[in-house]
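First the structure, in the form of structure tokens, and then the observations on it.
The values are calculated or read from the model by the stated rules, or taken from the named source; none is laboratory data. Keep in mind it's a predicted model, so treat the numbers as computed, not measured. Cβ sites come from the backbone with ideal geometry, for glycine too, and all protein chains shown count toward neighbours. Side chains included, ligands, DNA and RNA excluded: accessible areas come from the protein's heavy atoms. Shrake-Rupley method; radii C 1.70, N 1.55, O 1.52, S 1.80 Å.
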Amino acid sequence: MVAIVRTGVSVAVAVVMIQAATVLCGFPAKLTLERAFPTNHGVELAQLRGRDRIRHGRILQSSGGVIDFPVAGTYDPFLVGLYYTKVQLGNPPKDFFVQIDTGSDVLWVSCNSCSGCPETSGLQIQLNFFDPGSSSTASLVSCSDQICAVGVQSSDSACLGQSNQCAYVFQYGDGSGTSGYYVMDMIHLDIVVDSAMTTNSSASVMFGCSTSQTGDLTKSDRAIDGIFGFGQQDLSVISQLSSRGLAPKVFSHCLKGDDSGGGILVLGEIVEPNVVYTPLVPSQPHYNLNLQSISVNGRVLPINPAVFATSNSQGTIIDSGTTLAYLAEEAYDTFVAAITNTVSQSSQSIILRGNQCYMTSSSISDIFPLVSLNFAGGASLVLRPQDYLIQQSSVSGTTVWCVGFQKIPGQGITILGDLVLKDKIFIYDLANQRIGWANYDCSTSVNVSTATKTGKSEFVNAGQLSDSGSVQNQPNRVIVLSILVLFVKLSIFSGFLHL
């Protein structure tokens, strides 16, 4: 076991929205990455739906210890709205701030020869450029390399031109894009092994070196160094590290939903007695689950289970890159009606810009029902009111709350985004093809299972990211981690396209 402790951290950065890449079949892949800066709280849910819809268009298409990634940022889109990390690559190690994306597989950063790459960031982070020639351990990846061939199968890589260079081209739905080539070099890690932290551990991984960026990726006010893909395919970091025996093929996160933000991300399985598991739907590129029914205040809603079945055009996906949550169109009206009927005597029901909202002076915990999403294997995800409602405004003691669950017209997709995922442990057990969860205070410690030779328990008091982007020491710290991680890529409350 490894005990991981997190405390919240407030990051003084501009509110940012990053829609990261999800790779589908066919190369070059069309991916969506969008970012924007809200200036106030008066953002319409229609704008949120528009931004998330771009992402959904492509969605429709033995371990060596625990690696610990302290999380910085917060879920609240009106404060930071971004979780991010700092990774160290190359020799000598160089810092890169990258967004973690569970909907894509590739880790890529800006290269020194990049055209259109920003040089400064409004996020108060120092941008860097990777130079393969300046790293003593870097090597180019050719088309004949086996790992390149593996990437071609999942549309994460391709061989372009006559250079025999393994390359990539990602085009995003907002018109931005990136292209480049792959390199093999060291990523520097802190790993808990046999009750000790190996601070100088490193592993060879393949990642992308971006030589061209267009669209929003070129804007300095919202710039980062790259994207950290955390999907299931073979080019993902978790797959590469687990294949080398450096990490188990399971990762866990616990994202704080309060203003202070922060959280936990580890390569390993958080051990919590209240965790329930449901199997992943096999042979899917995303984290698809078998949702069977929805209950409101313990009563199962009259929705045909076939509405949630997985196919090419429908299914239920866990996606940390979606801000809101989305219900299949055939289930949406029944769900909203059940909530409205429950609170009809204690709140005023109103429609704001097409969204079901409620005016109330009471605490939502006192009047709104619990919602249960019931999955295969008997696992239920219980949602509190704050897990399906979004506060829009508050005047003279009366607050307007709107249903955060939305629908995609004409689509049978159900997507559980950050609105639902926050303030819970989530475990992605890829080795056993299952996902587990439990409600949890993400500011407290967790135990993480680790397969060590001795079987001893480990203890890590994890670090976190400061306002300046550096790693801070905390009282009674055991170690200072070299990698700070974002598990979530958030859609932010501004600049969204209308449906």
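Please specify each residue of the stretch 254-275 satisfying the condition of being assigned to a strand (DSSP E or B) and crowded, with 18+ Cβ neighbours inside 10 Å.
Filtering the stretch 254-275 down to residues assigned to a strand (DSSP E or B) leaves 254-255, 263-267, 269-271.
Answer for the stretch 254-275, where residues must be assigned to a strand (DSSP E or B) and crowded, with 18+ Cβ neighbours inside 10 Å: 254, 255, 263, 264, 265, 266, 267, 269, 270.
Residue check: is residue 283 in a loop (DSSP other than H, G, I, E, B), over 17 Å from the mean Cα position of the chain (by Cα) and at positive phi?
Spelling it out, residue 283 is indeed in a loop (DSSP other than H, G, I, E, B), over 17 Å from the mean Cα position of the chain (by Cα) and at positive phi.
Is it the case that residue 67 is within 23 Å of the chain's Cα centre (by Cα) and either in a helix (DSSP H, G or I) or modelled with pLDDT of 80 or more (or both)? It would help to see each step written out before you state the result.
Working: within 23 Å of the chain's Cα centre (by Cα): yes; either in a helix (DSSP H, G or I) or modelled with pLDDT of 80 or more (or both): yes.
Criteria met by residue 67.
Within the bounds of the stretch 330-346, is there any residue that is touching a Leu at 6+ places or on another chain (Cβ under 8 Å), open to solvent by less than 30 Å² (accessible area, probe 1.4 Å) and assigned to a strand (DSSP E or B)?
no
Given 297, 290, which one is within 22 Å of residue 322 (Cα to Cα) and surrounded by fewer than 24 Cβ atoms within 10 Å (Cβ to Cβ)?
290
Is it true that some residue in the stretch 222-233 is under 30 Å from residue 379 (Cα atoms) and open to solvent by 10 Å² or more (accessible area, probe 1.4 Å)?
In the first step, residues of the stretch 222-233 are kept if they are under 30 Å from residue 379 (Cα atoms); the result is 228-233.
Next, from what is left, pick out any that are open to solvent by 10 Å² or more (accessible area, probe 1.4 Å): 232-233.
Yes: the stretch 222-233 contains one or more residues that are under 30 Å from residue 379 (Cα atoms) and open to solvent by 10 Å² or more (accessible area, probe 1.4 Å).
For a quick check of your reading: which strands (runs of 3 or more DSSP E) sit entirely within the stretch 378-418 and have at least 2 residues that are surrounded by fewer than 21 Cβ atoms within 10 Å (Cβ to Cβ) and modelled with pLDDT under 95?
Details: elements: 380-383, 389-395, 398-403, 405-407, 412-416.
Those strands (runs of 3 or more DSSP E) span 389-395, 398-403.
Just one of the numbered conditions (1) over 26 Å from the mean Cα position of the chain (by Cα); (2) over 26 Å from residue 304 (Cα atoms) is not true of residue 431; which one?
Condition not satisfied by residue 431: (1).
Enumerate the pairs (first residue in the stretch 129-149 and within 27 Å of residue 95 (Cβ to Cβ) and open to solvent by less than 50 Å² (accessible area, probe 1.4 Å); second residue anywhere and assigned to a helix (DSSP H, G or I) and of a type in the set (A, V, I, L, M, F, W, C)) with beta-carbon separation below 7 Å, excluding pairs fewer than 6 apart on the same chain, so at least 6 apart or on different chains.
Going by the 7 Å Cβ cut-off, the qualifying pairs are 141/147; 141/148.
Please specify each residue of the stretch 308-352 satisfying the condition of being acidic (Asp, Glu) and under 28 Å from residue 252 (Cβ atoms).
Start the filter on the stretch 308-352 by keeping residues that are acidic (Asp, Glu), which leaves 319, 329-330, 333.
Within the stretch 308-352, 319 is the sole residue that qualifies.
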